[in-house]
Amino acid sequence: VKRLGAVVFAAVLGASANLRADDASESVSSLSGGEASLFADGVKALEEERPNDAVASFEALADRGVVDPVASYDRGLAYALRVRASAEQPGDLGRAAHGFEEARALTDDPHLAADAQSALAMVRGEVSRRKAREGVTVDMEQHASPWRTLTRTLAETTWVWLAVVAAFALGGGLFLRWLATAARARAGAAIVIAVSAPLMIVTAALARSARSDRLYLHEAIVVSPSARPSDEHGIVLPQATPLPEAARVEIASENGGWTEFRWGSLDAWVPAQTLRPLAKRE
Amino acid sequence: MTRARLCFFGLSILLALAALLVAMPAMAVAPKTHTMLQPDTIEVGDTTILTMNVSPGNDVTSATLATLPNGMTVVGQGLSPSFQISIVNGHMQQVVTARAQFRIRATREGTFTIGPASVMANGARVPGDRVTLKVVARGTLPPQQMNPLDPFGLLGPNSPFSDQLQQQQQEYEPQVPIDPKFNLERARDTGTFLHATVDKTQAVVGEQITLSVWVYADVTQQDPELSDPHEVGTSDFLRQSVMKEAATIERTAYAKVGGRTYAVALLRKYALFPLHAGELDITPMRIRSSRGGERQSEPLKVRVTEPPMEHRPAGYVIGDVGRFTVTADVTPREVERGAAISVTVDVTGIGNVPSSLVVPARPGVTWLDPEVKDDLHVLDEKTAGAPDLWGGSRHFSYVVEPKKEGDVDLGEITLSFYDPRTKAYDVARAALGTVHVKPGVAALPPDDTKLFMNMPGLRKQMAGMHASAGHLDDSNVFFGLLAMPGALFGIALGSRRAARAWKERATERKTSPVAELKNRLRAQATAMEGDDPRAIDGATIRVLEAAAMAHASVNVRGVGGEAIASVLTRAGVSSDDAGELRDLLEACAAARFSPDGAELDDVRKRAERARVLAKKLEGGPSAPLSGGEASR
């Protein structure tokens, strides 16, 4: 049994080491000179309070497929500056929120995440304030389902390793229960089995759910001040209130220039251009 | 003539001239009308059609029919333009005729005067002629031959099927100059057909594509009369007509189609600007022809892509394609705070001139929405460098309000565009310069700069995104790790049980009759190597007993004489073998206990016979005998 345990441990270590090696080799190649120049132009325009030029540079960067939390964050700042400079164009608040949401989702830097969160709150606060002026109260944050909320409490990797640890605890408990002769040891083994078996099932399910979200969940930000939920034929739903700008929605499907979205309990369609999808880590 | 009379005479002439001047335009454009009723005699309950043709009918907007006599009702009416191409002595002419039709049902006998019908053209009422309708009693008129293609007369007297004989005109080929660029291999339809072409099948978003729809008319047949046009479907494009007059047909040329001479006329010509990328469809144009009913052009596809990403300037808006220049003017250059500055920007060029510009927004400078004026048209071929190019200029007038004092740099207006001719991007710029804002008496505007004042600072260094870390649960290793401990436990448990079972089976095998027989055979072989006849006979007896047990499951020990053979036979052993076994057992027992002992050779022969018999029994017993046979 000891020999078997040693072999298993070595296999786990080997697999883990393999994954680490893959991680290290997957770093993205550095930016081209043009992209770096666009970023520098955007930053310079922001410093000189030229929001349109900054927006143009950061949008050009995004058009080139550059996914970078700082670029997204600065793009959000550019749109916010344009609003501040009284040169706001429809959808600027939504686009600012999009930049901050994207930065928050992409970054590993807790400071950047905190700044993005703070900026996001300001933008959404402004949207709420404007809605309140119109006499409409909106809840910008629609709560996810309890299961999704639980899934998001920990990172996918954490759920994965919790599931693996629970599986090994279960295995150890089973062996102990089988081989031990002392009553106390057998009782302890029974407790380990009773705890680790459901824990393994739940954490594995959460890991799968987190993986599913990572691969298949597509979210977007409303970038239009007048996105009216419609049915699949494009007819505006009479009882539905317009989607607030800067709200984060889940994309369900896309068809012919229309996007089906879920926002809280609302499942409806809006023109595709009223939503801007959030970039994800690939 | 007195002065008063002279004045009166002069005034009268002036008034007459004025009346003439007023009347002249109307006279100049007075359209010709032709009214007809077909049939002019019907039975009670039947319908007739009153048709009023107005030519030229470009400006006809509505048609009405005066109050009908009692017993007449209008059951349907319509107004449609028709285009007629006439080829007279090799010259093609095109006339737009408006046709108003009224279907009238009669409910009583008599002779009635109907009309006049009238149309509104250019805001003036144009009356037609009165017609007379005779209504007779039901069953009075001879039965009419029904037109199988229009059994209910719904298509009226101008039905394409009503004058087939007229269509069979003399077929001769006039000598006209042929323009080979319009030649086609074969006609899409007989008589008259539509043919649509685009100047390019691949373009970028916003690039002009010129779509032309041609009508081909066989010159040996009657002039086609075209009506009820349905435009090409270009929902994925911005469409601008590049014809001189959209409602007319432009004469073009003559062409050979499948060896026949056709007159070719341009029906439509559009500049199309793709609105998005993809495989975009242009659906056919449909029109009704007096020669054979509805005709439609071919559906077309255009493959549209976005301009290349490489070298795309910042601020480029998808769709800005062409060649443009931007000029700007700012007045005045010195204002008091709160006063307005006028900024006018002109965008001129070839292509779909952008309808909006990005202004250089700065904090403290407010740009109000512009007033936009267009002057877009088909450009002159010489200046544009190619025919049918759409372009012109857009004039943007902005009101700009500086809110802070001092020198304010307004920045510059930039317009990035993609030039499909050079396949490169370019940027048109117009610097707006600086405006000096003096202190003003106007109150400061609300401090909107407080908005987002506490916004976190910008970042100047990109994070350098890395691909997301590999996820253990993306590989089967995850499931392997989850299953491994349980599987190992299962394997261990199973192995232990298997080992136990194997051990038990081995023990069983050790005590089995077959194993016992093998042991006894080995013992007999050992005894045969010695010289003790009794020992050999004893071993032979034990071999025979074991063979009976192993192969027939019969314990013959203690069974004597004939009973052995009988028991073995019942167990399926052949009677010969059973007899042999019995004989050998008896012989061995007799020899073993004989006081004189036995000859060693005989003993060995018996031992050999016993081994042969044991081998023979190993083949398995034959089918067991029935009880009767066994007892016999």
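Descriptive notes on the structure:
- Partners for B:Lys403 among aspartates and glutamates (Cα-Cα distance below 14 Å; same-chain residues under 8 apart left out): B:Glu334, B:Glu336, B:Asp447, B:Asp448
- Note on B:His34/B:Gln202: beta-carbon distance plugged into 1/(1 + (r/R0)^6) with R0 of 56 Å gives a FRET efficiency of 0.70.
- Over 23 Å between alpha carbons, listed pairs B:Lys518/B:Lys605; B:Lys423/B:Lys460; B:Lys200/B:Lys269; B:Lys404/B:Lys450: B:Lys423/B:Lys460
- Listed peptides B:252-263, B:332-343, B:96-107 by packing density, highest first (mean Cβ within 10 Å): B:96-107, B:252-263, B:332-343
- What the Cβ-Cβ distance of B:Thr41 and B:Glu294 gives, at R0 = 41 Å and to the nearest 0.05, is a FRET efficiency of 0.80.
- Shielding of peptide B:482-494 by partners, expressed as the average count of other chain Cβ atoms within 10 Å per residue Cβ, is 6.
- Cα gyration tensor, chain A - rounded (a/c under 1.5), prolate or oblate: prolate
- FRET efficiency, 1/(1 + (r/R0)^6) with R0 56 Å, evaluated for B:Asp474 and B:Thr507 via beta carbons: 0.65
- Anisotropy class of the stretch B:462-611 from Cα gyration tensor, a/c 1.5 cut: prolate
- Taking chain A and dividing mean pair separation by its residue count, relative contact order in percent (alpha carbons under 8 Å, at least six apart): 15
- As a proxy for reagent exposure, A:Ser196, B:Ser356, A:Ser72 were ordered by neighbouring Cβ count within 10 angstrom, fewest first; the result is B:Ser356, A:Ser196, A:Ser72.
- Extending 7 Å from Cα along the Cβ direction at A:Arg228 and again at B:Leu493 yields two label points whose distance is 6.4 nm.
- Protection proxy ranking, highest mean first, for peptides A:257-264, B:487-494, B:612-619: A:257-264, B:612-619, B:487-494, where packing is the per-residue count of other beta-carbon atoms within 10 Å, averaged.
- Modelled this way, with points 7 Å down the Cα-to-C-beta line, the labels at A:Asn255 and B:Ser342 are 5.3 nm from one another.
- A simple spin-label model places the labels of B:Thr67 and A:Thr181 12.4 nm from each other, with each point 7 Å out along Cα-to-Cβ.
- Most mobile listed residue (A:Ala180, A:Ala207, A:Ala268) in chain A, GNM with C-alpha springs under 10 Å: A:Ala180
- Chain A: DSSP helices with Cα axial extent of at least 27 Å and average Kyte-Doolittle hydropathy no lower than 1.0: A:156-179
- Partners of B:Lys134 within straight-line reach, counting lysines whose Cα lies under 27 Å from its Cα and excluding those fewer than 8 residues away in the same chain: B:Lys32.
- Virtual paramagnetic centre 7 Å along Cα→Cβ of B:Glu334, amide N under 17 Å, in the stretch B:411-438: B:434-438
- Rounded, prolate or oblate (a/c below 1.5 giving rounded, otherwise prolate when a/b exceeds b/c) for the stretch A:59-136 by Cα gyration tensor: oblate
- Per-residue Karplus couplings for the stretch B:403-408, computed as 6.51 cos²θ - 1.76 cosθ + 1.60 with θ equal to phi - 60°, are listed in order as 10, 10, 8, x, 7, 10 Hz, Gly and Pro entered as x.
Any read-out appearing in this document is the output of simple, stated calculations on the displayed coordinates, not a laboratory observation. Note that the coordinates shown come from a computational prediction; the quantities given were computed from them, not determined experimentally. Methodologically, a virtual Cβ is constructed for each residue, glycine included, from the backbone with ideal geometry; neighbour enumeration extends over all protein chains shown.
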